Amino acid sequence: MSKFITFEGMDGAGKSTHLAWFADTLRQRGLDVVVTREPGGTPLGEQLREMLLNQTMSMGTEALLMFAARMEHIEQLIKPALQAGKWVISDRFSDASFAYQGAGRGMDWDKLTQLEQWVHADLQPDLTLFFDVPVEVARERLSNNVSLDRFEQEQSDFFERVRGGYHQRVQQNPQRYAVIDAAQSMAEVMRQLEEIVTSI
Ligand code: TYD
């Protein structure tokens, strides 16, 4: 049985490193795993990503482009892969739109819910790994990066709201999430991930 798994968390939470390990571990257990990301995952989606991460735009445009990229991603990649029996792991999905565009930028939550309904009423992740970390820890980790994109350049108050947005999504639908305390050491986070791999 195929599964759709998403990784979420604010910039600097460490999710991308853990995602690579998680996908390799599933592959070692014989699963056919496709790793993808948002915004992106298709040629058009990657072009939209380039704009979204670098160009100034209104928050409505930003939300619509995130969902436009997502529509393409679902139709071109996610659904065909799931139908072919593959496991799909996406570095971010709609929870990020609620956290960043909704809570972070202040885009109306109901409008985002409408977009979510339009774009993927029939699809939700089977499991979302949410890497939760205090804003100061995430900021500290990001400070090693040489170039920061438009989101990573935001201030701490933006990220406090983003974190709150993720918590709100988890509260609305707790059974879909595994919340990982990403402030812990790499080894401890991996131990938690191993438990998750075993359970699925
Ligand atoms: P990210 O996934 O952190 O990639 P990298 O590790 O290469 O920096 O970057 C994507 C950025 O896009 C991230 O800052 C969050 C933002 N984003 C949104 O604001 N809304 C969304 O719906 C998605 C999918 C991403």
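Numbers for the structure displayed
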quantity: Boolean, Leu19 is within 20 Å of Ala96 (Cα to Cα) and either open to solvent by 10 Å² or more (accessible area, probe 1.4 Å) or outside any strand (DSSP E or B) (or both); calculated: yes
quantity: One residue from Val170, Val162, Val189 being within 25 Å of Lys79 (Cα to Cα), part of a helix (DSSP H, G or I) and out of contact with any Pro (no Cβ under 6 Å at 6 or more places or on another chain); calculated: Val170
quantity: Tally, over region 155-180, of residues that are away from the ligand (no atom under 11 Å from the Cβ), of a type in the set (Gly, Ala, Ser) and within 18 Å of Ala96 (Cβ to Cβ); calculated: 2
quantity: Residue pairs meeting the criteria (Cβ under 7 Å; at least 6 apart or on separate chains; first at negative phi, in region 56-68; second more than 12 Å from the ligand (Cβ to nearest atom)); calculated: Met59/Gly106
quantity: Residue identified as in contact (Cβ under 8 Å) with a residue 12 or more places away in the chain, acidic (Asp, Glu) and away from the ligand (no atom under 12 Å from the Cβ) among Glu152, Glu136, Glu116; calculated: Glu136
quantity: Of all residues in region 34-92 being charged (D, E, K, R) and more than 10 Å from the ligand (Cβ to nearest atom), the one that is nearest to Ile200 (Cα to Cα); calculated: Lys86
quantity: Among (1) near the ligand (Cβ under 9 Å from one of its atoms); (2) part of a loop (DSSP other than H, G, I, E, B); (3) over 21 Å from Arg191 (Cα atoms), the one test that Gly12 misses; calculated: (3)
quantity: First in region 86-112 and in contact (Cβ under 8 Å) with a residue 40 or more places away in the chain and assigned to a loop (DSSP other than H, G, I, E, B), second anywhere and open to solvent by 10 Å² or more (accessible area, probe 1.4 Å) and away from the ligand (no atom under 13 Å from the Cβ), Cβ under 6 Å, 6 or more apart; calculated: Lys86/Ser2; Lys86/Asp32; Lys86/Val34
quantity: Unmet criterion (only one of (1) free of Cβ contacts under 8 Å to residues at least 12 places away in the same chain; (2) in contact with a helix residue (DSSP H, G or I) (Cβ under 9 Å, 6 or more places away or on another chain)) for Asn144; calculated: (2)
quantity: Out of Asp110, Asp126, sole residue that is at pLDDT 95 or above, open to solvent by 70 Å² or more (accessible area, probe 1.4 Å) and under 17 Å from the mean Cα position of the chain (by Cα); calculated: Asp126
quantity: In region 173-186, residue most open to solvent (accessible area, probe 1.4 Å) [restricted to those that are in a helix (DSSP H, G or I) and without any contact (Cβ under 8 Å) to a residue 40 or more places away in the chain]; calculated: Gln175
quantity: Conditions (1) touching a Leu at 6+ places or on another chain (Cβ under 8 Å); (2) within 9 Å of the ligand (Cβ to nearest atom); (3) over 26 Å from Leu31 (Cα atoms): number failed by Ala99; calculated: (1)
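The values are calculated or read from the model by the stated rules, or taken from the named source; none is laboratory data. All values derive from a computational prediction rather than experimental measurement. Virtual Cβ from ideal backbone geometry, glycine too; neighbours counted across all protein chains shown. Ligands, DNA and RNA are excluded from the accessible area calculation, which covers all protein heavy atoms including side chains. Shrake-Rupley method; radii C 1.70, N 1.55, O 1.52, S 1.80 Å.
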